[in-house]
1. Has the stretch A:6-23 got at least one residue that is over 26 Å from A:Glu211 (Cβ atoms), in a helix (DSSP H, G or I) and at pLDDT below 90?
2. Going by the structure shown, is A:Leu92 aliphatic (A, V, I, L, M) and either away from DNA strand C (no atom under 15 Å from the Cβ) or not in a loop (DSSP other than H, G, I, E, B) (or both)?
3. Enumerate the pairs (first residue in the stretch A:243-254 and over 16 Å from A:Gln265 (Cα atoms); second residue anywhere and in a loop (DSSP other than H, G, I, E, B) and within 6 Å of DNA strand B (Cβ to nearest atom)) with beta-carbon separation below 7 Å, excluding pairs fewer than 6 apart on the same chain, so at least 6 apart or on different chains.
4. Among the candidates A:Glu49, A:Glu27, single out the residue that is acidic (Asp, Glu) and within 16 Å of the chain's Cα centre (by Cα).
5. Whether any residue in the stretch A:130-137 is under 18 Å from A:Pro15 (Cβ atoms), of a type in the set (Asp, Glu) and in contact (Cβ under 8 Å) with a residue 12 or more places away in the chain is what I want to check.
6. Any idea which residue in the stretch A:247-261 is modelled with the lowest pLDDT, counting only those that are under 15 Å from A:Val291 (Cβ atoms) and of a type outside the set (A, V, I, L, M)?
7. May I ask you to list the residues in the stretch A:240-253 that are more than 22 Å from the chain's Cα centre (by Cα) and either of a type outside the set (Gly, Ala, Ser) or surrounded by 14 or more Cβ atoms within 10 Å (Cβ to Cβ) (or both)?
8. Filter the stretch A:73-89 down to the residues that are in a helix (DSSP H, G or I) and either surrounded by 23 or more Cβ atoms within 10 Å (Cβ to Cβ) or in contact with a Gly (Cβ under 7 Å, 6 or more places away or on another chain) (or both) and list them by number.
Amino acid sequence: MTATHASQTSPAADPAALHLPVIAWFEQHARDLPWRRPEAGAWGVMVSEFMLQQTPVSRVLPVYEQWLARWPRPADLAAEAPGEAVRAWGRLGYPRRALRLHGAAQAIAERHGGEVPSDHAQLLALPGIGEYTAAAVASFAYGQRHAVLDTNVRRVFARAATGVQYPPTATTAAERRLARALLPEEEGTAARWAAASMELGALVCTARNEECGRCPIAAQCAWRLAGKPAHDGPARRGQTYAGTDRQVRGRLLAVLRDAPGSVPQSALDAVWPEPVQRGRALDGLVSDGLVEPLEGGRYRLPAGPPVTG
DNA sequence: GACACGTGGTC
DNA sequence: TGACCAAGTGT
């Protein structure tokens, strides 16, 4: 190891050198997204985080607006049948998220007095909230100091600090350690850093066609300084879709979503010709709680328990 | 740790 | 044009 000069400090050695430029860039270039406005509140932040899991902002925007207008508080959603959440989810994909968001709203109504909890452990205990979302809600909605490690932040750190093009497939202990080491000490600064580093990954330090010319920390980026070496190692396995159970589930659920009430078996049979795979997909939807079988071979979105008043 | 889990846009 | 990608979670 050669001696480190003050003018050549690495990002990991001097995290403060990253905070100011990235946060300043964020103040200039952050998108005006509805869940970032003060009126969104913790519930708005939480709804947006569920919808944004594996789903682009542009597709989330219209559904988010309708959702918040219809269910402005967790208790409003909790009072609905879960099937209504699935229906309102529309074509966002991964409809189990709608079911989990509904379940989280019920838990908030029952256990947390109708207020989205600010405690990280309580957030983590809610259905559909994992490591990332718990940290995101605590940080974005409540200004707390948490390492928020999503795919954008992981890519920014992989490049700026580690000097590689892409982060590992799954989040590693080393990444968590690095994220904690880079986290500003002061709570409010840490929360801004979390949002800013994520936005940088979403707008500039993107997976393909990154724009280093617009990057506020290009001068310190380990990957750029190393000549931007291409990712080595095995190609990440692509997501196949055509012909999979996933596609069949999607078609079946689309029929249910577009029907006001229940549909006959024949309506489901019509969307996929192969009976074994179709049956397997339908069974999966039922066991996931996304579809409810009725008497007489009819099906509908889940109605939930009867309202007892 | 690998896999299942939707959908649509991009290059 | 088919892979890759998109603010992950649960098993």
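The values are calculated or read from the model by the stated rules, or taken from the named source; none is laboratory data. Just so it is clear, the model here is predicted, and its values are computed rather than measured. Cβ sites come from the backbone with ideal geometry, for glycine too, and all protein chains shown count toward neighbours.
1. The answer is yes, given that some residue of the stretch A:6-23 is over 26 Å from A:Glu211 (Cβ atoms), in a helix (DSSP H, G or I) and at pLDDT below 90.
2. On the way: aliphatic (A, V, I, L, M): yes; either away from DNA strand C (no atom under 15 Å from the Cβ) or not in a loop (DSSP other than H, G, I, E, B) (or both): no.
No, not satisfied.
3. A:Gln247/A:Tyr241
4. Details: A:Glu27 fails: within 16 Å of the chain's Cα centre (by Cα).
Answer to the selection: A:Glu49.
5. Step one: of the stretch A:130-137, the residues under 18 Å from A:Pro15 (Cβ atoms) are A:135.
From what's left, of a type in the set (Asp, Glu): none.
Within the stretch A:130-137, none of the residues are under 18 Å from A:Pro15 (Cβ atoms), of a type in the set (Asp, Glu) and in contact (Cβ under 8 Å) with a residue 12 or more places away in the chain.
6. Initial filter on the stretch A:247-261 (under 15 Å from A:Val291 (Cβ atoms)): A:248-259, A:261.
Restricting the remaining residues to those that are of a type outside the set (A, V, I, L, M) gives A:249-251, A:257-258, A:261.
Details: A:Arg249: 98, A:Gly250: 98, A:Arg251: 98, A:Arg257: 98, A:Asp258: 96, A:Gly261: 93.
By that ranking, first place goes to A:Gly261.
7. Listed by number, the residues that qualify are A:Thr244, A:Asp245, A:Val248, A:Arg251, A:Leu252.
8. So the first thing to find is which residues in the stretch A:73-89 are in a helix (DSSP H, G or I), and the list is A:74-78, A:82-89.
Scanning the stretch A:73-89 gives A:Pro74, A:Ala75, A:Leu77, A:Pro82, A:Ala85, A:Val86, A:Trp89.
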